[in-house]
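The values are calculated or read from the model by the stated rules, or taken from the named source; none is laboratory data. The shown structure was predicted, so the numbers you read here are calculated from the model rather than taken from an experiment. Reconstructed Cβ throughout: ideal geometry from the backbone, glycine too, with neighbour counts over all protein chains shown. Note: areas computed on protein heavy atoms with side chains; ligands, DNA, RNA excluded. Shrake-Rupley method; radii C 1.70, N 1.55, O 1.52, S 1.80 Å.
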Amino acid sequence: MMLAMFFLAAGVAVLGALGVLLCRNPIHSALGLVATMVSLAVVYLLHHAEFIFVIQLMVYAGAVMGLIVFVIMLLDIRREEAASSRFAPGKVVGVGLAGLFFVAILVPFTSRLTGRMGGMTESALERIGSVQYLSDQLFGPYLLPFEIASILLLVGLVGAVTLAKKKL
Amino acid sequence: MLDFVIESVIKVVVVFAVLMLFVAYTTWIERKVLGRIQVRHGPNRVGPFGLLQPIADGLKGFFKEDIIPSNTDRLLYALAPALSIIPALLVVAVIPFGDQFTLFGRTITMRITDINVGLLYILGLAGLGEYGVMLGGWASNNRYGLLGSLRTAAQMISYELALGITLISVIMVSGSLSLVEIVEAQAGLWNVFKPILWVPFILYIICGLAEINRTPFDMPEAESELACGFNIEYSSMKFAMFFMAEYAHAISLAALITCLFLGGWNLPFVATPGFLKLPVFLAKVFALVFFFVWERGTFPRLRYDQIMRFGWKVLMPIALANIVVVGLYYTVIA
Amino acid sequence: MIPVKSRRIGFFGTPLPLLKGLLFTLSRLFTKPVTYQYPEQKRQPADRWRGLHRLKTTDAGQLKCVACGLCEAVCPANVITVEAKETPDGRRFPNRFVVEVTRCIFCGYCQEACPKDAIELTTNYEFCGYTREEFHMTRDVLARN
């Protein structure tokens, strides 16, 4: 049952990702990304990571993608402009980087899968996924990194506002 | 495992059916109360007091011609109504509308599920809810529609923020993200009556109304300026789905406010007998639905820039200050 | 953007008008609706209501109209057509008298102009039909109205 759900969600995620790459219409691409985000959220839920599931829905599928779709609609780009030549330097570099990334993903597969063999058993995941455990960790041992991350985000926000608005 | 699945399926079907019934009759309440506010009768032809009107409307929706304008994005045009109604229905999954009862030796809880991040789940779904409206306006290849959906997107993103920040104070006081635990924590005293918490209550109602695009904030539709906005090109059942989504949102917002601030199934100050819990919950929900209609009959629509300014420059600071004040009060004083 | 001069009522004064408005609409909720439930409950028009035309008759049942054509002349919408004819004993009567009711503006000038008090606008406001021709009302139809 869980396995079936996993393959369903993973399948939708892969299809969505393919859609992002193959769709000519930017809105369709963005929606493909939304589908990927939502199905990734389902995968998290299947791993008892309820908090991550909800944050994925809220931040990525909801807010971030909402903004992206909003901007695409605002700019009203109907068609992606066709690439000028078949082997543009950008394309070559992109394909090379994608290949490198693929190799990097393959490395853990060759050694050992997490899950059954590692320490992350189902009960441990259930514990880690709970909000209380997560917040105890975030506001306990990892308080400093957490605060640094929030300050980084704040700096990014202030930077964006100053760049966008010349006159405040 | 199997009996759990069967029980869940039965619960989902029952809750879905009842919700759809409520959605239908919320339209009736809306038309009737608005009518009376405007010193008219409201629907009174179909059945006694017009009670069969929602059913007649539904039948009409089914038999109307489904018009798809040319040059639309066919896929998204058809997908948008579904995208707008699904999050509205999914919200109900985590809402506890009663405690529990025993039937044939099984203890049945009056909720579909109780995940430990119920509140965040609802916020997440609220974020997904805007896609239906946005894509509906964009896909129908109409300028009014596009304007409506752009406004919706901007408005929903802005008010979602204030909405989420407002909720933090409730979470701090209740100490849980699970709606069941939040309701149970209000057994003696509802959250509204706790010190300071009336501020987030009012904030939440305002932001919630903006989030579900109801009247003082009904920018995406704005009949008089956008000729119905995002759903201008829709007809037949597709339009009906947008319509149902709107009312399902209103009901789920009412249920959420009931859970978060008005004590869920609890009576004020006294213990609630088991058989009264569901009626008490529903009474509160419909009182809030009545309020939503009432304020629709009262307030005019705000101008678009006023809405955005109000959201960012008034509600956001109050919501942020509210967190600080509630946090200080409940840790230092109480 | 239109600059609107706002009357400052202060931060705490702001919600008060909103609450007043809510109270007002709530009080409206308990008043009796003013709607006429039309087919069952009909509104009584005023006596001087200008509705459908009628050609009056004498007690003997003869049309009062002498086909002088004044109504035809005065009609601002040109909806009246009169054709006169004489009886063998020399009395004038309208051989044809047509009012195109759909184009009539119900000003009542015909009634005013008539020297014989032969045409009037009744208080009947409920007239309908399936064809345009039904509203080209002829002499006999108008006499029956």
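Observations on the structure shown:
- Spatially near lysine pairs across segment C:1-135, Cα under 25 Å, sequence gap of 8 or more or different chains: 9
- Expressed as a fraction of 2.2 N^0.38 Å, the C-alpha radius of gyration for segment B:68-333 is 1.05.
- Reciprocal of mean inverse Cα separation for the protein assembly as shown (Kirkwood radius, Å): 30.0
- Heavy-atom surface of segment C:1-130, accessible at 1.4 Å and reported per residue (Å²): 74
- Relative contact order of segment B:94-168, pairs being alpha-carbon contacts under 8 Å that are 6 or more residues apart, as %: 21
- Among B:Ile37, B:Ile205, B:Ile85: highest mean-square fluctuation, GNM of chain B, C-alpha pairs under 10 Å: B:Ile37
- Dipole size of segment A:1-95 about its Cα centre, with +1 on Lys/Arg Cβ and -1 on Asp/Glu Cβ: approximately 320 debye, rounded to the nearest 20.
- Here each label is just a point 7 Å from Cα along the line to Cβ, and for A:Val107 and B:Met20 those points are 5.3 nm apart.
- Placing dummy labels 7 Å off each Cα toward the beta-carbon, the span from A:Ala17 to C:Thr81 is 8.2 nm.
- Whole-number percent relative contact order across segment A:1-95, with pairs defined as alpha carbons under 8 Å at least 6 apart: 26
- In order through segment B:168-183: 3J(HN,Hα) via Karplus (6.51 cos²θ - 1.76 cosθ + 1.60), integer Hz, x for Gly, Pro: 4, 5, 5, 4, 5, 6, 7, x, 7, 9, 8, 4, 4, 5, 4, 5
- Cβ distances below 4.7 Å define possible disulfide partners, and in the protein assembly as shown the cysteines left without one are A:Cys23, B:Cys207, B:Cys228, B:Cys259, C:Cys65, C:Cys68, C:Cys75, C:Cys104, C:Cys107, C:Cys114, C:Cys128.
- Helical mean residue ellipticity (222 nm; -39500 (n - 2.57) per DSSP H run of 4+; nearest 500) of chain B: -21000 deg cm²/dmol
- Cross-link pairs beyond the 24 Å C-alpha cut-off, checked among B:Lys32/B:Lys60; B:Lys194/B:Lys313; A:Lys165/B:Lys313; B:Lys11/B:Lys32; B:Lys284/B:Lys313; B:Lys238/B:Lys277: B:Lys194/B:Lys313; B:Lys11/B:Lys32; B:Lys284/B:Lys313; B:Lys238/B:Lys277
- For segment C:126-132, putting each phi into the Karplus relation 6.51 cos²θ - 1.76 cosθ + 1.60 with θ = phi - 60° gives couplings of 10, 9, 8, x, 9, 10, 5 Hz, in residue order, rounded to whole numbers and with x for Gly and Pro.
- Separation of alpha-carbon centers, segment C:23-62 and segment B:259-276, rounded to whole Å: 52
- Here segment C:83-100 and segment B:164-194 have alpha carbon centers that stand 89 Å from each other.
- Sequence-ordered 3J(HN,Hα) estimates for segment C:57-66 from the Karplus curve with 6.51, -1.76 and 1.60 and θ = phi - 60° stand at 10, 7, 4, 6, x, 8, 5, 6, 4, 10 Hz, glycine and proline given as x.
- Our helix-only sum for chain C, with -39,500 (n - 2.57) per DSSP H run of n ≥ 4 divided by its residues, gives a mean residue ellipticity at 222 nm of -5500 deg cm²/dmol.
- Computed from the Cα positions only, the extents of chain C along the three principal axes stand at 91, 40, 30 Å, in decreasing order.
- Residues with amide H under 5 Å from that of B:Ile108, placed H, sequence gap 5 or more: B:Phe101, B:Thr102, B:Leu103
- Summed over the residues of segment A:1-95 and divided among them, the accessible surface reaches 60 Å² per residue at a probe radius of 1.4 Å.
- Accessible surface buried upon C-B contact (total; probe 1.4 Å; Å², nearest 100): 1600
- Carbon/sulfur fraction of accessible area - the protein assembly as shown, other protein chains in place, 1.4 Å, %: 68
- Only the Cβ atoms of Lys and Arg (+1) and of Asp and Glu (-1) were treated as charged; on that basis the dipole of the protein assembly as shown about its Cα centre amounts to roughly 1420 debye.
- Simple spin-label estimate for B:Leu278 and B:Arg74 in nanometres, 7 Å along Cα-Cβ: 4.5
- Only one residue of B:Leu315, B:Leu123, B:His249 has its Cα farthest out toward the positive end of the dipole of segment B:68-333, where Lys and Arg carry +1 and Asp and Glu -1 on Cβ, and that residue is B:Leu315.
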